[in-house]
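K.L.:
Just passing along the structure, written as structure tokens.
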Amino acid sequence: MSAEHHHHKETFITKYIFSEDHKMIAKQYLITGLLMGIIGIAMSLLFRLQIAWPEQSFAIFEVLLGKWAPEGVMDPNVYLALVTIHGTIMVFFVLTAGLSGTFSNLLIPLQIGARDMASGFLNMVSYWLFFLSSIIMVLSLFVEAGPAAAGWTIYPPLSALPQAMPGSGLGMTLWLVSMAIFIASSLIGSLNYVVTVLNLRTEGMSMSRLPLTIWTFFVTAIIGVISFPVLLSAALLLIMDRSFGTSFFLSDIFIQGEVLHNQGGSPVLFEHLFWFLGHPEVYIVLLPALGITSEVIATNARKPIFGYRAMVISIIAIAFLSTIVWGHHMFVSGMNPFLGSVFTFTTLLIAIPSAVKSFNYITTLWKGNLQFNPAMLFSIGLVSTFITGGLTGIILGDSTLDINVHDTYFVVAHFHLVMGISALYGLFAGVYHWFPKMFGRMLNKNLGYVHFWITAIGAYGVFFPMHFVGMAGLPRRYYTYTNFPYFDDLADTNVLITLFALLTASAQLVFLYNFFHSMFYGKVASKNPWKSNTLEWTTPVEHVHGNWPGELPKVYRWAYDYSKTDNDGNYIIEGQDFTPQTFPMKDNEEILHH
Amino acid sequence: MTFFLILLIVVLLGVTFWQLSNFLAITFGNSDNSQVANNADNQKQGKFMLYFVLFLYALMAFCFIEYYSYFLPAASSEHGVDYDRLMQISVVLIMFVQILTQGFLHFFAYKYKGKKDQKATYYADNNTLEMIWTIIPVITLAGLILYGLYTWTTIMNIDEDDEDALIVELYAYQFGWRARYAGNDNELGKANVRFIEGVNTLGVDKSDNYAMDDIITSELHLPVNKRVIFKMRSQDVLHSAYMPFFRAQMNVVPGMITEFSYIPTQTTEEIRLSDFMVEKVETINNIRRDKSKLLLAKGEEALEPYEFDYYLLCNKICGASHFNMQMKIVVESESDFKNWISEQKTFKQVVSN
């Protein structure tokens, strides 16, 4: 297939809307993800205001929430709706679709040397299903009784019975429909990624020469294909329980003065099905971020990533283990305590490949020549929050210790650092690094620095003190804690956390400005601005359909020959400290990695 | 009007950021406009990395000192002692690794910040190093896992045949708790939500002989130093019975009975007199006094002074009033407990009225 075949006439609609070009689809994913992110983060600010000043009324509540915040006092159901939709949007729409969708689409064909995805059409379908599910999720916010509010984990019976809370009516139906479509989108996308990586690698691009980005996208897609269908089945069974009178998850319920007919079902079954996706989902979110980090750190350290093979093994080990640890979300769910023991064991095992990855990142910095581009800052930031958040996982993964911190703010602090902030940093690192590839222009680096440092200080300011609030036993998802005088002395800390949250969010405005301004007015990018080895930087700055105007590039080496010297001690290519994958091995050069 | 105000704010923000980017380029002295980090950037950002890890250390120290009183007081249950020890070991270990790794990460970032003519060392892998940092976590985690599992098994293995244990049903509904004591026969009567009718709000089976002496209360009283076995039942949705001072938590699931068991070791009176609690209550009452002044100024009622009581709270999202689903727990001497329970109505007395 040569590039010429792709040169058919393009209209505005085929180029910008129903595009089958992976680069355009990547941009569509990114911009949709960013817009959803704005909604998700704005929601978090609203409920943080409520947590910090539970007895105060805010005019902004009434402006934004209307009848749900009469005279500026937020309704408890709306509080729950906000935390629910914040979680859903951030986990699925921003960090799954916005992160993995964007960079898998952009980088898989470009970094393996393919003209496009295996199926451009399915790729387009995948995006438009995602778009449709986003629209439905946003529309659910405008339902009369409010959107889904049973927490992003939507445990039945709360989510199954409209009598239990107003959000479990039409709002929950829309949530389920939206997620079902989202899962379809994700599955189509994932299958496409797997097939593309396996079949369309260019000549010389063996699996052991793949950049770590591709390894993580590939493995992430596999986890998605394995686990997302289980959530789909859970959602379908829940729809049956809600609308067709079945009892998969319901039994012995008396609500609003009447006994329901349901018998024999178990909410614990739903928890198993949910977390069979829910936990791998953490890695679906995180692995691409780690892949991006690997690439960005190696490029900017001007050094090979340390322990490439150990990294690949760790990625696969994490992926495998991630499918057998779901029960650690259920230590106190009422499941057999013996299962708790098994899940403690598998959960703490996952700390090992995670530790290996962290140490490898640190070693990659050692004796490097670090170029502090904004992407590099975010990548180092990711390693930092990944360590901080990962370490507290040792407490939560231990069934004994989980008893008393389960569902407290300690958990909220833990997962926001380890998957929320880390994955967001991965997203930002990716945007700063590949913005020139996506839009042909550079992001402003000084605004990038401001964005990073405020975010870095703010994120730790939000989430580090939050662990201590959790240690005091403050439950999450409490509209107000003023009914427990024991928590009165936490008030100042909750205010502090909210102030840091506002600070962090304001830094994101700098990013948004930088993003949209640079898209049109940024400095025009050169072909390979970061002096990188990977194939995407051999394509022209102006996008062409088919990626390379002529022949596909041939690959002669792995992606990490930075600062490599030949036997005479000279850089492989004179005068430059990087050796693109397309550069053939020299006679006096040895392979120096395993 | 609102629309134009928003538009104005957006435009002004845009101008601000545009000016900010110009201002930064001048202050950072990197107005070459390549938008790729140059030597000056690397020097500055490298130093910031060092400052940042100092900030992180300061933040951690601040939290541990300032929020030390947030940690719950020593456990008021027998197994809680093991729990607390395991928690302390884990926290110390985690903080040790945290300080070390964050130090290395940011210090390397500072030390190896890019310089002109500096060459990076090509160092691709080292199997010995990989082995070291695989094996050290393996050994440490093995220790933690073994200790954790030992404690877990001790806590969760509930001896159902323990004749001396007090059997209490915890009954959860939107949005409150009830306790049902098994009465003289120490055997709970059968119950199902299908039997709920009138005063029989817990759906206890009237035809069951064991049921008649059951005692239903809205406070949870426990005799000190005696094992209590909780049998938990939910009327409607998932709830979770969280008793933080006893290091106890179990979800309450409609359609099944879940269990938890512990031995309370400290009476309410005793913990109120403990140094920790005296200080804590004083802090809280100071806060409440300040708040009351504001309330009085507004013509509202002042807050009551706080006295510590154990509590049980709902810790699984369950609807609008989830945040206020609590029950007072009183731990008292065996004789006080007997007096209290003898004053309560039995199920028979309740239904026959």
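K.L.:
List the number of the failed condition for B:Ser34; all other conditions in (1) in contact with an Asp or Glu (Cβ under 8 Å, 6 or more places away or on another chain); (2) among the hydroxyl-bearing types (Ser, Thr, Tyr); (3) outside any helix (DSSP H, G or I) hold.
P.N.:
Failing condition for B:Ser34: (1).
K.L.:
Restricting to segment A:455-471, and then to whatever is at the interface with chain B (Cβ under 8 Å from one of its Cβ atoms) and surrounded by fewer than 22 Cβ atoms within 10 Å (Cβ to Cβ), can you tell me which residue is farthest from A:Ala52 (Cα to Cα)? Quick ask: steps written out before the conclusion?
P.N.:
To start, the set of residues in segment A:455-471 that are at the interface with chain B (Cβ under 8 Å from one of its Cβ atoms) comprises A:456-457, A:460-461, A:464-465, A:467-469, A:471.
Add one more test, that the residue is surrounded by fewer than 22 Cβ atoms within 10 Å (Cβ to Cβ), and what stays is A:457, A:461, A:464.
Values: A:Ile457: 19, A:Gly461: 15, A:Phe464: 16 Å.
Only one residue tops the list, namely A:Ile457.
K.L.:
Hey, A:Asp488 hits all of (1) more than 7 Å from chain B (Cβ to nearest Cβ); (2) more than 23 Å from A:Thr153 (Cβ to Cβ) but one; which does it fall short on?
P.N.:
(1)
K.L.:
Working carefully through the options B:Glu130, B:Glu160, find the one that is within 8 Å of another protein chain (Cβ to nearest Cβ) and of a type in the set (Asp, Glu).
P.N.:
On inspection, the qualifying residue turns out to be B:Glu130.
K.L.:
Which number in (1) without any contact (Cβ under 8 Å) to a residue 12 or more places away in the chain; (2) more than 10 Å from chain A (Cβ to nearest Cβ) marks the one condition that B:Ala40 misses?
P.N.:
Of (1) without any contact (Cβ under 8 Å) to a residue 12 or more places away in the chain; (2) more than 10 Å from chain A (Cβ to nearest Cβ), only one is false for B:Ala40: (1).
K.L.:
Further, regarding this structure: Tell me, which residue of segment B:181-195 that is over 33 Å from the mean Cα position of the chain (by Cα) and closer than 19 Å to A:Leu260 by Cβ is surrounded by the most Cβ atoms within 10 Å (Cβ to Cβ)?
P.N.:
Applying the filter and picking the extreme gives B:Phe195.
K.L.:
Residue under question is B:Thr121, and the condition is that it be more than 30 Å from A:Ala491 (Cβ to Cβ), β-branched (Val, Ile, Thr), facing chain A (nearest Cβ under 7 Å) and more than 28 Å from the chain's Cα centre (by Cα); does it hold?
P.N.:
Yes: the conditions hold for B:Thr121.
K.L.:
When segment A:364-394 is examined, which residues are found to be polar (S, T, N, Q), at the interface with another protein chain (Cβ under 7 Å from one of its Cβ atoms) and either within 17 Å of B:Phe107 (Cα to Cα) or not in a helix (DSSP H, G or I) (or both)?
P.N.:
A:Asn369, A:Gln371, A:Asn373, A:Ser384, A:Thr388
K.L.:
For B:Ile196, indicate whether it is touching a strand residue (DSSP E or B) at 6+ places or on another chain (Cβ under 9 Å), within 7 Å of chain A (Cβ to nearest Cβ) and over 30 Å from A:Gln576 (Cα atoms).
P.N.:
So B:Ile196 fits the description; yes.
K.L.:
For segment A:429-457, which residues satisfy the criterion of being farther than 25 Å from B:Ile26 by Cβ and touching a helix residue (DSSP H, G or I) at 6+ places or on another chain (Cβ under 8 Å)?
P.N.:
Residues satisfying the conditions are A:Ala429, A:Gly430, A:Val431, A:His433, A:Trp434, A:Lys437, A:Met438, A:Phe439.
K.L.:
Here's something else I'd like to know. Identify all residues within segment A:250-259 that are surrounded by 21 or more Cβ atoms within 10 Å (Cβ to Cβ) and in contact (Cβ under 8 Å) with a residue 12 or more places away in the chain; write none if there are none.
P.N.:
Hits for segment A:250-259 are A:Leu250, A:Ile253.
K.L.:
Scan segment B:201-210 and tell me whether some residue there is hydroxyl-bearing (Ser, Thr, Tyr), in a strand (DSSP E or B) and at negative phi.
P.N.:
Among the residues of segment B:201-210, not one is hydroxyl-bearing (Ser, Thr, Tyr), in a strand (DSSP E or B) and at negative phi, which makes the answer no.
K.L.:
Here's a check for you: in segment A:276-317, which residue that is part of a helix (DSSP H, G or I) and free of Cβ contacts under 8 Å to residues at least 60 places away in the same chain is nearest to the other protein chains (Cβ to nearest Cβ)? Spell out how you get there, then give the answer.
P.N.:
Taking segment A:276-317 as the starting set, the residues that turn out to be part of a helix (DSSP H, G or I) are A:276-301, A:308-317.
Filter again for free of Cβ contacts under 8 Å to residues at least 60 places away in the same chain, leaving A:276-277, A:279-280, A:310, A:313-314, A:317.
On the way: A:Phe276: 18, A:Leu277: 19, A:His279: 18, A:Pro280: 21, A:Ala310: 5, A:Ile313: 9, A:Ser314: 9, A:Ala317: 10 Å.
Ranking the candidates gives A:Ala310 first.
K.L.:
Right, here's the next one. Only one of (1) closer than 23 Å to B:Leu312 by Cβ; (2) in a helix (DSSP H, G or I); (3) more than 9 Å from every other protein chain (Cβ to nearest Cβ); (4) not hydrophobic (A, V, I, L, M, F, W, C) fails for B:Thr151. Which number is that?
P.N.:
That leaves (3) as the condition not met.
K.L.:
If I ask for residues that are outside any helix (DSSP H, G or I), without any contact (Cβ under 8 Å) to a residue 60 or more places away in the chain and more than 7 Å from chain A (Cβ to nearest Cβ), which ones from segment B:81-118 would you list?
P.N.:
If the condition is that a residue be outside any helix (DSSP H, G or I), without any contact (Cβ under 8 Å) to a residue 60 or more places away in the chain and more than 7 Å from chain A (Cβ to nearest Cβ), then B:Asp117 is the only one that fits.
K.L.:
If I go through segment A:123-177 residue by residue, how many of them are not aliphatic (A, V, I, L, M) and not in a helix (DSSP H, G or I)?
P.N.:
Going through segment A:123-177 one residue at a time, the tally reaches 13.
K.L.:
Also, quick follow-up: Would it be correct to say that A:Gly430 is in contact (Cβ under 8 Å) with a residue 40 or more places away in the chain, part of a helix (DSSP H, G or I), more than 17 Å from A:Val282 (Cβ to Cβ) and more than 7 Å from chain B (Cβ to nearest Cβ)?
P.N.:
Yes; evaluated as a whole, the condition is true for this residue.
K.L.:
I need the strands (runs of 3 or more DSSP E) fully contained in segment B:221-309, keeping only those with at least 2 residues that are within 8 Å of chain A (Cβ to nearest Cβ) and surrounded by fewer than 20 Cβ atoms within 10 Å (Cβ to Cβ).
P.N.:
By residue number, no strands (runs of 3 or more DSSP E) qualify.
K.L.:
Got a number for residues in segment A:234-245 being of a type in the set (S, T, N, Q) and either assigned by TED's automatic domain parsing to the domain that holds A:Pro157 or modelled with pLDDT of 95 or more (or both)?
P.N.:
From segment A:234-245, those of a type in the set (S, T, N, Q) are A:243; that's our starting set.
Subsequent filtering for residues that are either assigned by TED's automatic domain parsing to the domain that holds A:Pro157 or modelled with pLDDT of 95 or more (or both) retains none.
Of the residues in segment A:234-245, 0 are of a type in the set (S, T, N, Q) and either assigned by TED's automatic domain parsing to the domain that holds A:Pro157 or modelled with pLDDT of 95 or more (or both).
K.L.:
Of (1) within 22 Å of B:Ser21 (Cβ to Cβ); (2) crowded, with 24+ Cβ neighbours inside 10 Å, A:His406 satisfies all except one. Which?
P.N.:
Single failed check for A:His406: (1).
K.L.:
Which of the residues that make up segment A:460-481 are closer than 18 Å to B:Met243 by Cα and outside any helix (DSSP H, G or I)?
P.N.:
Those that are closer than 18 Å to B:Met243 by Cα and outside any helix (DSSP H, G or I): A:Ala472, A:Gly473, A:Leu474, A:Pro475, A:Arg476, A:Arg477, A:Tyr478, A:Tyr481.
K.L.:
Kindly provide the set of residues from segment A:388-402 that are more than 16 Å from B:Ala248 (Cβ to Cβ) and among the hydrophobic types (A, V, I, L, M, F, W, C), ordered by number.
P.N.:
Once the filter is applied, which keeps residues that are more than 16 Å from B:Ala248 (Cβ to Cβ) and among the hydrophobic types (A, V, I, L, M, F, W, C), segment A:388-402 yields A:Leu391, A:Ile394, A:Ile395, A:Leu396.
K.L.:
How many residues are among the polar types (S, T, N, Q) and under 30 Å from A:Thr153 (Cα atoms) if we restrict to segment B:287-339?
P.N.:
Number of matching residues: 4.
The values are calculated or read from the model by the stated rules, or taken from the named source; none is laboratory data. Please read these numbers as outputs of a predicted model, since none were measured by experiment. Ideal geometry is used to build each Cβ from the backbone, glycine not excepted, and the neighbour counts take in all protein chains shown.
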